[in-house]
Amino acid sequence: MLALPVKARLIALGIAAGTAALSSGVSAQNVNLRYLCYADANECDVARDLLDRFEKANPTIKVTVDKVGFAVIREQLETRLQGGEAPDMARVTNLGGLNKYYLDLRPHINAAYWEENFASTLPWMRVGKDDKGIYGFMTQLTVTGPFVNKTMFDQTGVKMPAAGATWDDWAKALAEVQKKGKIYSGMALDRTGHRFAGMSISYGAQYFDANGNPSAVVDAGFKAVAERLVQWHKDGLMPPDIWPGAAGAKWKNAGDMFINGDTAMHIAGSWMIQKFQSDIGDKFEWIVPPQPCGPAGCSAMPGGAAMVAFKSTKHPKEVAKVMEFMVSEPILKEYYERTVQIPAHKGLAAKGLTYGKEVGAQTQAALKQFTADFQKISPVAHALQGYQRNVAIYNATVNYIAQAITGPLTLQQAYVKIQEEIDNAVKK
């Protein structure tokens with residue numbers, strides 16, 4: 001082979017170097033991350049807008065937001081994680097239950113900032129006292145509780161129960177509103193053991209034994225609320241569409257019934273505020289009353305959704321960079337304000353948020369009430385929220401109490417099956 005002239009060799013080397021540099025640049029541009037996101041309202045859209053800014057500041061990293069329904073997160077995500085089809089990040093509610101799949105961000109982030117501002121919720125994503133990992137942050141801090149159609153009370157002339165009223169007081173008043181107003185349903189409870197738990201803890205349910213194990217979930221407090229649910233359905237106070245309206249542990253939301261004026265009360269939580277604000281508009285006036293009580297207190301259930309990272313990602317440093325951007329105070333402040341959330345960031349909670357002009361007095365009052373209710377949450381509820389197998393407890397609750405409502409099981413039979421299913425989940 002003939003040797004190339006010096007000038008030709010230099011040109012060839014220059015082209016090769018340029019090609020290598022271009023190849024390296026293309027490779028860097030191909031760091032594509034995927035964020036699997038569900039939304040109650042506009043959470044994914046706001047995240048997309050903020051991530052556009054991230055991409056502009058970090059042009060070598062692209063983040064695709066895959067917007068899906070909540071059922072995908074609840075019922076399909078873990079299967080994807082087990083099958084090696086995980087996204088890099090996701091918005092999840094089964095916080096401790098997915099722990100084994102999480103990426104510990106601690107080596108790549110300012111851990112002191114995270115520990116300072118998310119100290120109360122980081123443990124919800126951990127398992128065991130020795131777990132110090134940082135896996136994500138709460139995009140949404142939630143409090144369960146009822147929404148009430150105040151217009152229905154006004155039109156029927158029924159007096160609304162005051163602060164400190166029990167669930168029984170509310171059931172009696174709602175039955176009167178339902179009868180006088182000829183309403184389809186008086187009270188609708190989301191089909192989930194999570195909403196049930198807040199009510200049962202108010203009636204004295206403990207969920208855990210002295211060793212922190214769910215070995216006697218079905219206690220007197222749990223039974224008190226289960227008995228009420230069966231009776232309220234039998235009386236027609238609760239609709240057949242929600243708890244009896246699905247099989248197994250399937251989740252079902254009663255929000256549309258409330259929006260359409262088919263029920264006077266929807267027992268859900270703070271995540272529904274924005275949807276009710278936008279979808280109800282001026283059709284009727286709705287409020288969030290103080291949390292109803294039982295003999296053991298007036299406890300809600302805490303909860304929410306977290307943006308977490310998965311250890312199967314091929315780009316842990318880039319994922320951590322996205323997370324650091326999202327939790328930076330100005331970005332997270334805007335996210336919470338635009339999505340109308342209770343802040344889970346200590347610094348922002350202390351300073352307070354400024355919601356937009358479009359957030360009316362009705363919504364401001366609802367946020368204020370849920371924030372006040374958060375202070376009354378029982379330690380049992382916080383422990384249940386942080387328990388890694390809480391989904392097994394919630395699913396067993398729904399599955400078998402629903403069967404007691406519809407008839408295949410008696411309540412006594414349901415109680416046995418609930419505890420059996422929980423015990424089996426713990427063994428596994």
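The values are calculated or read from the model by the stated rules, or taken from the named source; none is laboratory data. Note that the coordinates shown come from a computational prediction; the quantities given were computed from them, not determined experimentally. Ideal geometry is used to build each Cβ from the backbone, glycine not excepted, and the neighbour counts take in all protein chains shown.
Details
- Residue check for Trp271: within 20 Å of the chain's Cα centre (by Cα), in the same structural domain as Gly386 (by TED's automatic domain parsing) and buried (at least 20 other Cβ atoms within 10 Å of the Cβ): yes
- Selected residue (criterion: surrounded by the fewest Cβ atoms within 10 Å (Cβ to Cβ)) from residues of segment 61-93 that are in contact (Cβ under 8 Å) with a residue 60 or more places away in the chain and among the β-branched types (Val, Ile, Thr): Thr93
- Pairs, first assigned by TED's automatic domain parsing to the domain that holds Ala173 and crowded, with 17+ Cβ neighbours inside 10 Å in segment 236-265, second polar (S, T, N, Q) and assigned to a loop (DSSP other than H, G, I, E, B), C-beta under 7 Å, six or more apart: Trp251/Thr192
- Residue list for segment 131-164, restricted to those being of a type in the set (D, E, K, R), exposed (fewer than 15 other Cβ atoms within 10 Å of the Cβ) and within 27 Å of the chain's Cα centre (by Cα): Lys132
- Taking segment 218-233 as the range and being touching a helix residue (DSSP H, G or I) at 6+ places or on another chain (Cβ under 8 Å) and either in a helix (DSSP H, G or I) or not assigned by TED's automatic domain parsing to the domain that holds Tyr207 (or both) as the test, the residues that pass are Gly221, Phe222, Lys223, Ala224, Val225, Ala226, Glu227, Arg228, Leu229, Val230, Trp232, His233.
- Any hit, segment 178-187, residues being outside the structural domain of Gln341 (by TED's automatic domain parsing), touching a helix residue (DSSP H, G or I) at 6+ places or on another chain (Cβ under 6 Å) and surrounded by 23 or more Cβ atoms within 10 Å (Cβ to Cβ): yes
- Neighbours by Cβ (under 6 Å, 6+ apart or cross-chain): first from segment 299-323, closer than 30 Å to Gly164 by Cβ; second part of a loop (DSSP other than H, G, I, E, B): Ser299/Ile377; Ser299/Ser378; Ala300/Gln291; Ala300/Ile377; Pro302/Ile377
- Count of residues meeting criterion [among the charged types (D, E, K, R) and closer than 30 Å to Asp131 by Cβ] in segment 352-399: 3
- Residues of segment 69-87 classified as closer than 22 Å to Leu141 by Cα and part of a loop (DSSP other than H, G, I, E, B), total: 1
- Residue list for segment 230-246, filter: among the β-branched types (Val, Ile, Thr) and either over 25 Å from the mean Cα position of the chain (by Cα) or over 17 Å from Thr397 (Cβ atoms) (or both): Val230
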